[in-house]
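Structure incoming, see below.
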């Protein structure tokens, strides 16, 4: 009998970095400036701020100033960050049962990058073939 373990925090992080490296070349330099953080679940303070009761509903979060709103006059207090929440991603992966964990992590990452870049739904669809 082969035992299968869910991906660790480090494995989800590696999948997210790999997905970031597959973005179109024009976006890669700016995308690489965004910090990727992986935690099991969102902190209570984040959930409270977003009004989310169930931490398993939040798979990812962009924390920063979107590029469409940045100014050269801005002095950032922290780097733009994409948070991925492993347990919520794993729950969705199991519930769906029809996608790879790599595809799901990539999808969540692209969705959060969309907040950073200010992408429209059409922009996202050109980059993330999730809905095909």
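State whether one or more residues within the range 105-125 are at pLDDT below 85, more than 17 Å from the chain's Cα centre (by Cα) and not in a strand (DSSP E or B).
Looking for residues that are at pLDDT below 85, more than 17 Å from the chain's Cα centre (by Cα) and not in a strand (DSSP E or B), one finds at least one in the range 105-125, hence yes.
Name the residue that is surrounded by the fewest Cβ atoms within 10 Å (Cβ to Cβ), counting only residues in the range 1-29 that are touching a helix residue (DSSP H, G or I) at 6+ places or on another chain (Cβ under 7 Å) and part of a helix (DSSP H, G or I).
The qualifying residue surrounded by the fewest Cβ atoms within 10 Å (Cβ to Cβ) is 9.
Among the listed residues 102, 95, identify the single one that is more than 15 Å from the chain's Cα centre (by Cα) and at pLDDT 85 or above.
95 is the lone residue from the list that is more than 15 Å from the chain's Cα centre (by Cα) and at pLDDT 85 or above.
If residue 98 satisfies all but one of (1) free of Cβ contacts under 8 Å to residues at least 40 places away in the same chain; (2) assigned to a helix (DSSP H, G or I), what's the number of the condition it fails?
(2)
With 111, 107 as the choices, which residue is buried (at least 17 other Cβ atoms within 10 Å of the Cβ) and closer than 15 Å to residue 66 by Cβ?
111
The values are calculated or read from the model by the stated rules, or taken from the named source; none is laboratory data. If you're wondering where the values come from, they're calculated on a predicted model, not measured in any experiment. Quick reminder, even Gly has a Cβ in these numbers, built from the backbone with ideal geometry, and neighbours come from all protein chains shown.
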